[in-house]
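Have a look at the structure below before the remarks.
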Amino acid sequence: MSDAYERLTSVAVGGDCEPLRREGISGLEFDNKGIYLASVTKSGCLTVHDFEALYCLCSNSLGGSHVDDERKHLMHISVLPQLDVVRWNLANQDEVACTSMTSNEIHIFDIGLISTKPIAVLRKRPAVTVHGCEGPKGLTDIAFISSDKSRLLASDMYGIINIWDRRARSVPCAELISNSNVALSSIQIDVENQFVFGASKHGNIYVWDLRGGRTSLAFHKEMNHPPLATLKVASLLEKIESLKVQTDIFPKEIHSINLNPSCPYQLAFHLEDG
C-alpha cells in the first residue's frame, strides 16, 4: 500500500520519488463525485488532476517509464511559497481553495478558467496578543458551508475559526473563538450545517452552534462567538476501562477530525501517536 501511495503521489507532484521527497504532498482532496483530485505541495504548487488519467499514468509507471506532462493537468500553478490545505467548494464544484500554515490568505481558483490568478483572495485579521504583539500567522484548515457557495471557514494558529461571506468582504465577518491561544489543527461542519467542530493541538475538541441560541451565530451583532461545548479527548478515553488498563492516557495533539459520511453523528479523530 505504501509503495502504491508513493507512486501515486510521485506522479501527482509531477516526477519520480526524488521530487516527492523534495516537495512533499501536503494536502489531497477529491471532488464530490470522485472525478477530480486536487493536491497541494510544500513547495506551494496547486494541481488538479483527472483521477482516472492520474491512476493510469501511475499504473504505467510500474514498467519503469514515466514521463509526466503538465499539459494534461486541469490546473498546475504555483500559488504561495508553501501550501498545506486544499478544499473543494461543496456548493460550487468548479472552485477549489488552498492556504498555508505560513500565510493568512486563502486563494480560491475556478478550474473552468484558463488562468493562474485566483478569482478571490480572502484574508484573516491579524491576531493581537494581550501584550499588543501580532499573534502567529497561518491558517490550518478550510471548510465550506454546503448550502451556501459564498460562505467558508478557516481555522488558524491562534485558536480561532474565521468565517467569511464572500458577497460582503474579503475579511472575516465573524469569528468562532476557543478561549485558548492554541492552534486548531482541523475543522469539520456537520451535514446539516448546524455545528462546527474544531480540534486543537492540546487534545480538545470544540463545538460551536450555527443554528440559534446564546452562543450561536444568530447574533450577528457580536463578532466573537464562544464554543457551545469543549470535549477533552483524554478524559473521554479514560472512561473506557479496557483502554485504560492497557496504556497511560494523557492529552495528545489531535492531527485531524472527520465526520463519518455513513453516520453523521460519529466523529473520528486521529491523535499524534497514530
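Nothing in this text is a laboratory measurement; each read-out follows from the coordinates by a stated rule. Owing to the predicted nature of the structure, the values given are computational and were not obtained by experimental measurement. Ideal geometry is used to build each Cβ from the backbone, glycine not excepted, and the neighbour counts take in all protein chains shown.
Close amide H pairs (under 5 Å, H built 1.01 Å from N) link residue 105 with 100, residues at least 5 positions away or on another chain.
Peptides 114-124, 38-48 ordered by packing proxy, namely the average of other Cβ atoms within 10 Å per residue, highest first: 38-48, 114-124.
Annotation note: trypsin sites (Lys or Arg not before Pro) in segment 219-262 located in DSSP loop regions with a Cβ neighbour count of at most 10 within 10 Å are 221, 239. Rounded to whole numbers, the Karplus 3J(HN,Hα) couplings from phi for segment 108-125 are 10, 10, 9, 6, x, 9, 8, 7, 8, 9, x, 7, 7, 10, 9, 10, 8, 6 Hz, using 6.51 cos²θ - 1.76 cosθ + 1.60 with θ = phi - 60°, and x at Gly and Pro.
Across segment 29-43, computed HN-Hα scalar couplings (Karplus, 6.51 cos²θ - 1.76 cosθ + 1.60, θ = phi - 60°) run 7, 7, 6, 4, 8, x, 8, 10, 10, 9, 9, 10, 10, 5, 8 Hz from first to last residue, x flagging Gly and Pro.
When the C-alpha to C-alpha distance is required to be over 22 Å, the pairs from 42/252; 33/124; 149/201; 42/137 that qualify are 42/252; 33/124; 149/201. To the nearest Å, what is the center-to-center distance of segment 236-274 and segment 148-208, using C-alpha atoms only? Taking the Cα centre of each part, segment 236-274 and segment 148-208 sit 21 Å apart. Residue by residue, segment 197-208 carries 3J(HN,Hα) couplings of 10, x, 9, 10, 6, 9, x, 9, 10, 9, 10, 10 Hz when phi is fed to the Karplus relation 6.51 cos²θ - 1.76 cosθ + 1.60 (θ = phi - 60°); x denotes Gly or Pro.
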